[in-house]
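> Below is the structure I would like to discuss, written out as structure tokens.
Quick note: the coordinates plus some simple rules give every number you see, no bench work behind them. This is a predicted model, so every value here is computed, not measured. Note that we place each Cβ from the backbone using ideal geometry, even for glycine, and neighbour counts take in every protein chain shown.
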Amino acid sequence: MKHTETYDVVIVGAGPAGANTAISYKKLNPGLKIGIFDKSLFPRDKSCGDAIGPGVINALKRFGNEHILEDEPEVISTTLFGPKNIGIQNYIPEVQNKEDSVVYVIPRLDLDNRIFNLAKSLGVETFEEYRYSGFERNTDKSINVSFKNSSGENEIFKTTLLVGADGANSRVRKDLKLNQNTDWHKAIAIRAYIDSPNYLEIFKERSLMFEINVSALRGYAWAFPSKGTLINIGIGMPLSLFKKENKNINVMLNDFVQTLESRGVIVENIRLQKSYMLPFASSRPKLAHDRVALVGDAGSMINPMSGEGIFYGMESGFLLAENTHGLLQDNKEDINNSLKLYEKSFNKRFSKHYLSCALARLVLQSPLMTQRLLAVASIDQHTIDFVVELLFDEARLTLKEVFLLGIKFLSPLWILKIIKTSN
Ligand SMILES: Cc1cc2nc3c(=O)[nH]c(=O)nc-3n(C[C@H](O)[C@H](O)[C@H](O)COP(=O)(O)OP(=O)(O)OC[C@H]3O[C@@H](n4cnc5c(N)ncnc54)[C@H](O)[C@@H]3O)c2cc1C
């Protein structure tokens with residue numbers, strides 16, 4: 001067993017959560033010695049819809065890194081379809097918490113590598129093809145973290161703080177003896193890439209297409225335009241229902257391709273089909289432990305309504321660094337208190353938002369309610385803006401919002417139409 005260097009922070013996983021944790025520590029306290037480890041060699045693919053919204057743009061801007069999005073085409077609208085073929089197109093509204101109401105669709109093979117390279121450029125020490133295998137707490141308040149490298153050798157790295165950023169099947173989380181999310185609080189989804197020479201023509205512009213509760217029972221299918229003719233398509237549903245109904249994810253994807261074709265979309269060269277789990281934030285584990293913290297999917301941070309997870313993962317990395325960077329070198333006694341502050345600030349920021357999205361998920365699981373919501377949203381701009389803000393911003397349901405939505409849900413549509421024309 002090879003013993004190597006000592007670090008202030010060892011991060012397991014170099015996806016957006018881990019890489020942004022490293023970037024944030026280095027930007028807030030350049031003197032820290034940070035090591036980031038990943039079992040893969042970058043660039044590496046990750047099953048994903050590849051959509052990043054105002055939150056990610058904002059997280060990159062915080063440290064002047066938005067240049068990695070230069071030359072990417074902007075997506076400017078969403079098109080929502082529901083049962084009975086109700087469809088509405090809406091511009092991405094001015095989100096309240098961020099200045100950029102834009103979405104980009106960038107293959108994760110590329111996006112994650114760009115974020116990882118930012119960490120490298122700041123002097124973070126990077127270790128690719130290093131598979132985490134366990135950790136041990138020492139009596140001197142340090143932690144030994146073990147990895148198997150690409151030559152099959154075991155190596156141990158010493159650290160003050162260990163960060164688990166190793167995704168939906170986190171080994172670090174398992175070693176903390178925390179349970180995985182139950183199937184109800186998880187989704188399964190599959191992603192594929194296609195080429196479509198006429199997608200932008202069919203949807204009139206660069207629009208993210210969601211099809212709710214049609215091809216996917218109590219879930220949704222998507223088609224997200226990236227650069228040129230490249231489109232990311234996929235479909236996902238709650239894991240509990242997927243198992244109960246004995247579904248086959250590849251068959252679901254094929255059915256959705258046929259639906260796309262029936263809408264006139266030319267589908268060519270279907271490739272790189274890959275399925276994976278999404279641990280929803282409706283059931284989060286404890287994030288702060290004795291000198292160990294979880295960020296991103298390892299801490300179940302995915303929005304239960306939209307399936308978005310990149311933003312929450314990156315933001316958790318920043319909040320962790322913000323709350324702990326000052327204590328790592330000088331006052332190791334206090335590190336556990338500052339880890340608790342990290343967990344508190346994450347929950348303060350996102351708990352109500354996650355709760356609102358979990359409620360919205362319940363509504364959207366009923367085909368009748370989805371139909372009604374889309375019918376109301378097709379007439380009422382405020383409702384569609386609110387739905388899109390839940391998807392791309394940190395919107396929360398307030399009592400006033402529940403009251404207004406309740407009235408709109410119960411009112412006959414002709415009354416809403418009269419109100420709309422009189423405004
Ligand atoms: C089909 C699908 C579609 C999605 N669509 C979207 C979307 O459009 N937009 C969005 O925002 N989110 C989407 N998500 C969610 C998003 O992919 C995740 O929330 C996001 O990747 C979380 O980032 P992360 O850094 O926490 O984990 P990951 O991106 O999974 O990164 C974890 C890293 O840890 C490494 N690792 C794992 N185990 C070990 C180990 N033992 N040792 C060392 N390294 C290890 C992995 O190689 C990986 O690089 C989607 C998810 C799925 C499955």
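> I want to verify the translational diffusion coefficient of the chain in µm²/s; compute it with Stokes-Einstein, Rh as the Kirkwood radius over Cα pairs, at 4 °C and 1.567 mPa s. Write out the running numbers ahead of the final one.
Numbers: Rh = 22.3 Å.
The calculation lands on 58 µm²/s.
> Grab the beta carbon distance between Leu362 and Leu217, set R0 = 22 Å, and tell me the FRET efficiency rounded to 0.05.
0.90
> Now for a separate question. DSSP loop (so not H, G, I, E, B), at most 12 other Cβ within 10 Å: list which trypsin sites (Lys or Arg not before Pro) in region 142-225 pass both filters.
Lys177, Lys204
> Only counting other Cβ atoms within 10 Å, I'd like Met209, Met314, Met277 sorted with the fewest neighbours first.
Working: Met209 25, Met314 30, Met277 20.
By the 10 Å Cβ count, ascending, the order reads Met277, Met209, Met314.
> Return the percentage of antiparallel bridges among DSSP beta bridges fully within the chain, rounded to the nearest 5 %.
65
> Note the full-extension length gain between Phe63 and Met369 as 0.36 nm times their separation in residues minus their Cα-Cα distance, in nm to one decimal.
The Phe63-Met369 span can extend by a further 106.0 nm.
> Here is a further query. Where in region 181-211 are there GluC sites (Glu not before Pro) that are in a DSSP coil and have at most 13 other Cβ atoms within 10 angstrom of their Cβ?
Numbers: sites: Glu201, Glu205, Glu211; in loops: Glu205.
Of the GluC sites (Glu not before Pro), the ones in loops of region 181-211 whose Cβ has at most 13 other Cβ atoms within 10 Å are Glu205.
> Could I have the simple spin-label model distance between Asp71 and Ser146, label points 7 Å from Cα toward Cβ, reported in nm to one decimal?
So the two model labels end up 4.5 nm from each other.
> In percent, how large is the relative contact order of the chain, given Cα pairs closer than 8 Å and 6 or more residues apart?
Normalised by residue count, the contact order of the chain is 21 percent.
> Counting only complete DSSP H runs, which helices of the chain cover 30 Å or more along their long axis at the Cα atoms and score a mean Kyte-Doolittle of -1.0 or above?
Span-like helices, by this rule, are 335-364.
> Order the peptides 228-234, 358-364 from the highest to the lowest mean number of other Cβ atoms within 10 Å of their residues.
Descending mean neighbour count gives 228-234, 358-364.
> Now for a separate question. Which of the residue pairs Lys61/Lys344; Lys174/Lys244; Lys27/Lys344; Lys33/Lys352; Lys27/Lys177; Lys27/Lys227 have a Cα-Cα distance greater than 28 Å in the structure shown?
Exceeds cut-off: Lys33/Lys352; Lys27/Lys177; Lys27/Lys227.
> Quote the charge dipole size of the chain about the Cα centre in Debye, to the nearest 20; the model charges only the Cβ of Lys and Arg (+1) and of Asp and Glu (-1).
Value, rounded to 20: 1280 debye.
> Which value at 222 nm does the chain reach when only helices count, each DSSP H run of 4 or more adding -39,500 (n - 2.57), with the total divided by all residues and rounded to the nearest 500 deg cm²/dmol?
That comes out to -11500 deg cm²/dmol.
> Give me the distance in nm between label points sitting 7 Å out from Cα along the Cα-to-Cβ direction at Lys243 and Glu129, one decimal.
Each label point lies 7 Å from its Cα, and together they span 3.6 nm.
> On to the next question. Springs between alpha-carbon atoms under 10 Å, Gaussian network over the chain: tell me which of His325, His382, His67 tops the mean-square fluctuations.
His67
> At what distance in nm do the modelled label points of Thr6 and Thr398 sit from each other, each positioned 7 Å from its Cα along Cα→Cβ?
The two pseudo-label positions are separated by 5.2 nm.
> For the chain, set up a Gaussian network in which alpha carbons nearer than 10 Å are linked by springs, and say which option among Leu239, Leu339, Leu41 fluctuates the most.
In this elastic network of the chain, the residue with the biggest mean-square fluctuation among Leu239, Leu339, Leu41 is Leu41.
> Residue by residue, what Karplus-based ³J(HN,Hα) values in Hz, rounded to whole numbers, does region 182-195 have, using 6.51, -1.76 and 1.60 with θ = phi - 60° and x for Gly and Pro?
Once rounded to whole Hz, the list reads 6, 4, 5, 9, 9, 10, 10, 9, 10, 10, 9, 10, 9, 9.
> Over the residues of region 90-218, compute the C-alpha Rg and express it relative to 2.2 N^0.38 Å. Working shown, then result.
On the way: Rg = 21.1 Å, N = 129, 2.2 N^0.38 = 13.9 Å.
Here the Cα radius of gyration is 1.52 times the empirical estimate.
> Turning to a different aspect of this structure: Compute the signed sum of charges (Lys and Arg +1, Asp and Glu -1) over the other residues within less than 11 Å, Cβ to Cβ, of Tyr7. Don't jump to the answer; show the numbers that get you there.
Numbers: positive: Lys33, Lys158; negative: Glu5, Asp8, Glu125.
Taking every Cβ under 11 Å from that of Tyr7, the sum is -1.
> For the chain, modelled as a Gaussian network with Cα springs under 10 Å, which listed residue fluctuates most, Ile143, Ile34, Ile266?
Judging by the Gaussian network model, the answer is Ile266.
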